[in-house]
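The values are calculated or read from the model by the stated rules, or taken from the named source; none is laboratory data. What you see is a predicted model; the values in this text were computed from it and never measured. Cβ coordinates were reconstructed from backbone atoms using ideal geometry, including for glycine residues, and neighbour counts include every protein chain displayed. Areas reflect the complete protein model, heavy atoms only, side chains present, ligands, DNA and RNA absent. Shrake-Rupley method; radii C 1.70, N 1.55, O 1.52, S 1.80 Å.
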Amino acid sequence: MSLFSSLFGKSKPTETVKFETLRDDGVRAMQIGELPYAEKCLLAALDLRHDLKAIGFLAEVYLRMQQYDKALPRLEELAAAPEVTTDVKLLLAETQGHLELWADQRATCRALLDEMPDDPRVLFLAAEADYGLDAPFEAIAHLTQSLALRDDYQAPRLLRARILADMGQWNEVLPDTEVLLAADGENEAFIQLHAEALTALGKVEEATAVWEQLRALNPFNQEAVLALGALYEQAAHWDKALALYDEAIDLQPDFAGAYKARGGVRHHLKDDLGAADDLKRSLELAPEKAAELDGEYTNVENQMNARYRSMNPYGF
């Protein structure tokens, strides 16, 4: 049964009635989360009539579905209309960012800044475009302006911290991550960036505690496992490191990095057979890391063979 038939049965409504019924059903479907059906209704409505309001609803459906490539042309059409609102332009800039269309996003933001230079949202989106275009200093300037206007705005603070981290400015990252964690102490992104800053600054005990917090919050976070394990090894807590990697591998048997790290610990603990097995398994799971593992694996294998030869009076 066609969409029209299911909606109208055997009656013959006017084109206006058909359009309004399809549009309104699309909106209702969107509101209750039936997004694929909402898309069908709105597309059918637009086949009957070109209507900016219906285009706006369809763009919203695509944004909710995170289909940014489909939302973009609808938002561009809305943004070009005489009666366009600021919210539409902001959505356009956000969507361009999602699609990494940094030059287009920058152009949209510059036009918005002419209209509303003191809007923290526009400044954040402008910074996002700057960062995408490899202009970190301009991005930091825009982010700092945004935060001066709205100190509790988390998105620009997180982006500023990430840019500073990329630049190796860890002393400047830490104050931002502290503010972020004070606002939301269970946000994984905030915790991880804070732990990375503490690690980079050599604050081993604090970093270990924060990585352990992240590991407890999400045992499947692979970066937390490897970073925490490295700190345990640095402090010569070999048993803790080994137990951590064992647990990580039990949870994620395809975790190549954990096998590699456990192989290193086993090698240190003179378990060369276990070390070789782990390094082989790591290579099987991540063959693209072959060059990285080759020297390490060969070293373990050579040491193991030398040990066997020393125990064998016949030299084989």
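Size of the dipole of region 109-191 about the Cα centre, Lys and Arg at +1 and Asp and Glu at -1 on the beta carbon, nothing else charged, in debye to 20?
I would put it at about 60 debye.
Dipole of region 122-245, Cα-centred, from +1 at each Lys and Arg C-beta and -1 at each Asp and Glu C-beta, to the nearest 20 debye?
80 debye
Which order do peptides 186-192, 208-214 fall in by mean Cβ count within 10 Å, highest first?
Going by the mean number of other Cβ atoms within 10 Å, highest first, we get 208-214, 186-192.
How big is the charge dipole of the chain about its Cα centre, in debye rounded to the nearest 20, if each Lys and Arg gets +1 on its Cβ and each Asp and Glu gets -1 on its Cβ?
That gives a dipole near 820 debye.
May I ask which residue of LEU92, ALA135, ALA38 lies farthest towards the positive end of the charge dipole of the chain, with charges of +1 (Lys, Arg) and -1 (Asp, Glu) on Cβ and the Cα centre as origin?
Looking along the dipole axis, the top candidate is ALA38.
If you average the C-alpha positions of region 112-141 and of region 223-267 separately, how far apart do those two centres end up, in angstrom?
Centre-to-centre distance over Cα atoms comes out at 41 Å.
Express in nm, to one decimal, how much length is gained between ASN218 and ASP166 on full extension, taking 0.36 nm for each residue of separation and deducting their alpha carbon distance.
16.3 nm
At 1.4 Å probe size, with the rest of the protein present, what percent of the exposed accessible area of region 38-93 is carbon and sulfur atoms?
Here it works out to 51 percent.
Based on the mean of other beta carbon atoms within 10 Å per residue, what is the order of 140-153, 87-100, most packed first?
Answer by packing, highest mean first, reads 87-100, 140-153.
For mean projected area of the Cα convex hull in nm², several values are listed as (1) 16.8; (2) 15.7; (3) 23.8; flag the one computed from this structure.
Only one listed value fits the structure, namely (3).
Keeping every protein chain present and rolling a 1.4 Å probe, give me the accessible area per residue for the chain in Å².
Averaged over the residues of the chain, the accessible area is 54 Å².
Just want the answer: with Cβ charges of +1 for Lys and Arg and -1 for Asp and Glu, which residue in THR108, TRP170, ALA209 is farthest toward the dipole's positive end in the chain?
THR108
When the Karplus curve 6.51 cos²θ - 1.76 cosθ + 1.60 is applied with θ = phi - 60°, which whole-Hz ³J(HN,Hα) does each residue of region 47-54 get, with x for Gly and Pro?
5, 8, 7, 7, 9, 5, 5, 5
Output the 0 to 90 degree angle, nearest 10, between the alpha-carbon long axis of helix 102-115 and the longest principal axis computed from the alpha carbons of the chain.
So the helix axis and the longest Cα principal axis differ by about 50 degrees.
Count the lysine pairs in the chain whose Cα atoms sit under 22 Å apart, keeping only pairs 8 or more residues apart in sequence or on different chains.
Value for the chain: 18.
Using a 1.4 angstrom probe on heavy atoms only, work out the carbon and sulfur share of the accessible area of region 180-227 in %.
For region 180-227, the apolar C and S fraction of the accessible surface comes to 50 percent.
Given the options ARG74, ARG49, ARG266, which has the most mean-square fluctuation in a GNM of the chain, springs set between C-alpha atoms less than 10 angstrom apart?
Taking springs between Cα atoms under 10 Å, the residue moving most is ARG49.
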